[in-house]
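Visitor: Quick one: structure below, then a few questions.
Derivation of every value follows stated rules applied to the coordinates shown; laboratory data play no part. Everything quoted here is computed from the prediction, not taken from an experiment. Every residue, glycine as well, gets a Cβ built from its backbone with ideal geometry; the counts of neighbours run over all protein chains shown.
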Amino acid sequence: MFDSSSVVVGLEIGTSKVCAVVGEVNAAGVLSIIGLGQARSRGVRKGEIVDPGLVGEDMRNAIVEAEQMADVEIRSVYLGVTGNHVRGFNNHGVHPVVSADREITEDDVQDVIKNAKAINLPAENHVVHVIRQHFHVDGHDGIQNPVGMLGARLEVDVHVIHGNFNRLQNPIRAVKNLQLEVEDIVFNGLAASIALLSTEQKELGALVIDVGGGTTEYAACVDGIIKQTGVLAVGGDHLSNDLAYGLKIPLSGAERLKIEHGNALVEEGLRGRTVTLGAERGFMERTVNLEHLRRIMSLRLEEIFELIAFEINQAGLAPYLRAGVFLCGGGSRVPQIEKLAERVFGLPVTMGRTNSISGLKSALDQPEFATALGLVKYGSFRHRRRKEGGGAGLRGRLGAFFRREPGGIKRSFL
């Protein structure tokens, strides 16, 4: 059995599945995936819990399976959160350096970040992440670590991710009802980007899109820092709903047709071709037009990508995404979805692959596990930082990925 102090667990409560991934951080700080558990999700809609009882059962099943595979006892998790209440935006903080010698200290850095966090959010909202972008000292911009520099005015740019307090509490409470602790909560889109993007890709500029069952999250990274994040309350399940409505077939049959005959593009030569949907649950056998099926799917996926492309273009980020677009999530398994996305974004699009993680091949190569793997990777940075004696501030372990205000939600939620 592994030493529990070296174990890191990521838990994603998704619309289609609940997934627990167990990682082990060795003495050298290297992360390896040693366990995976999953269960069909029955109590989640559009990424948020609607039936706590069912979710509790599904989480327990996923956790037990992961424990058995990894031969560990899971005591705490890094929990992924999403939902259309989660928002991201950029903000700016200013702090005067008041010391006699004008040397910037770590305290000055913490103060300017606090100022950047002092934003006029609705009273019911809570900040989940404050991700550092760049510092400015007396008008000199692009500074990553101002400690030790001389200056009279310190400024910082940050990306703030926030959400509704009560809706964030729901998954936390569900986990704690299983007698587990929540180490931290992490926005799913951020977790997916941590799992998939290499340092070079983040520097070049990349967009990660996680097409889940009930939501689609995205995160755009430029010059090594998060510039934009967002959530759409639409995902792979909506493809099935559209097919059921448009083709006048039961939802279970629509799901089967989506998997067996679905495609993101309407190819030439489909006119007149049909597929047969067998009789089930009182519905007679049906003949379905294949061109109609694929057109319905293509239009819905195109809409998802166009909504994200609009946000990216509004922020002026599209020209800086030189590494292209990376897809993940179970919804990204639709054949030719990359070609459709390339047409919408005008950028190279590839299926994302996890990086800098070893272990279970079955998990690492599957796009639907990207978020859960990213949660484990996030947790491994926190684990190493604690082991090295804290390291709060600019030199925290997450600095290798996204500079983040230390402590996060744990102080307020747990």
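Visitor: Only Cα pairs under 8 Å and at least 6 apart count here; give the relative contact order of region 87-162 as a rounded whole percent.
Guide: On the way: 150 pairs, mean separation 36.5, N = 76.
Normalised by residue count, the contact order of region 87-162 is 48 percent.
Visitor: Here's another thing I want to ask about it. I want the local charge near A195. Using Cβ-Cβ distances under 13 Å, sum +1 for each Lys or Arg and -1 for each Asp or Glu among the other residues.
Guide: Net of charged neighbours comes to -2.
Visitor: Further question: For the chain, just the Cα set please: Rg and Dmax, both in angstrom.
Guide: Considering the chain through its Cα atoms, Rg and Dmax are 22.4, 84 Å.
Visitor: Note down the net charge around N125, summing +1 for each Lys or Arg and -1 for each Asp or Glu among other residues with Cβ under 12 Å from its Cβ.
Guide: Numbers: positive: R87, R167; negative: E124.
That sum, taken over residues with Cβ under 12 Å, equals +1.
Visitor: Along the charge dipole of the chain, Cβ charges K/R +1 and D/E -1, which of P250, I296, V77 sits furthest on the positive end?
Guide: In the chain, that residue is P250.
Visitor: Separate question: Lys/Arg Cβ at +1, Asp/Glu Cβ at -1, dipole of the chain taken about the Cα centre: which of T229, Y378, L265 is farthest positive-ward?
Guide: L265
Visitor: Run the dipole for region 198-352 about the Cα centre, Lys and Arg Cβ at +1, Asp and Glu Cβ at -1, nothing else charged, and hand back the magnitude in debye, nearest 20. Let's see the in-between values first.
Guide: On the way: 16 positive and 20 negative charges, 84 e Å.
That gives region 198-352 a dipole magnitude of about 400 debye.
Visitor: Sorted by average packing, counted as other Cβ atoms within 10 angstrom per residue and highest first, what order do 370-383, 15-28, 309-322 take?
Guide: Working: 370-383: 27.9, 15-28: 21.6, 309-322: 15.1.
Taking the mean over residues of other Cβ atoms within 10 Å, the ranking is 370-383, 15-28, 309-322.
Visitor: Please build a GNM for the chain, connecting alpha carbons under 10 Å apart, and tell me which residue among V44, V137, V160 fluctuates the most.
Guide: Among V44, V137, V160, the largest mean-square fluctuation in the Gaussian network model of the chain belongs to V137.
Visitor: With charges only on Cβ, +1 for K and R and -1 for D and E, what is the dipole size of the chain about its Cα centre, in debye, rounded to 20?
Guide: 500 debye
Visitor: Now, a different point. Percent of alpha carbon pairs in region 198-352 separated by more than 23 Å?
Guide: Details: 4741 of 11935 pairs.
It works out to 40 percent of all Cα pairs.
Visitor: Sorted from largest down, give the three principal axis spans of the alpha carbons of region 255-334, whole angstrom values.
Guide: 51, 28, 19
Visitor: Then there is this: Provide, for q = 0.23, 0.25 Å⁻¹, the log10 of I(q)/I(0) from a solvent-free Debye sum over equal Cα point scatterers in region 69-154.
Guide: -1.11, -1.24
Visitor: Calculated from DSSP H runs of 4 or more alone, at -39500 (n - 2.57) each and per residue, what is the 222 nm mean residue ellipticity of the chain, nearest 500? Could the numbers behind the result be given before it?
Guide: Working: 12 runs with 141 residues, N = 414.
Computed mean residue ellipticity for the chain: -10500 deg cm²/dmol.
Visitor: Simple spin-label model, 7 Å along Cα-to-Cβ: L150 to V50 in nm?
Guide: Roughly 6.3 nm, to one decimal.
Visitor: Once you keep just the Cα pairs under 8 angstrom separated by 6 or more residues, what percentage relative contact order results for the chain? Spell out each step's value before the answer.
Guide: Numbers: 936 pairs, mean separation 78.9, N = 414.
Relative contact order, the chain: 19 percent.
Visitor: In the chain, if the dipole is taken from +1 on Lys/Arg beta carbons and -1 on Asp/Glu beta carbons about the Cα centre, which of H159, L317, L11 is farthest to the positive end?
Guide: L11
Visitor: Tally Lys/Arg at +1 and Asp/Glu at -1 over every other residue whose Cβ is under 9 Å from the Cβ of V266; what's the total?
Guide: Local charge sum for V266: -1.
Visitor: Looking at the chain only, what percent of DSSP beta bridges run antiparallel? Nearest 5 please. Don't skip to the answer; put the middle values down first.
Guide: Values: 61 of 79 bridges.
The antiparallel proportion sits near 75 percent.
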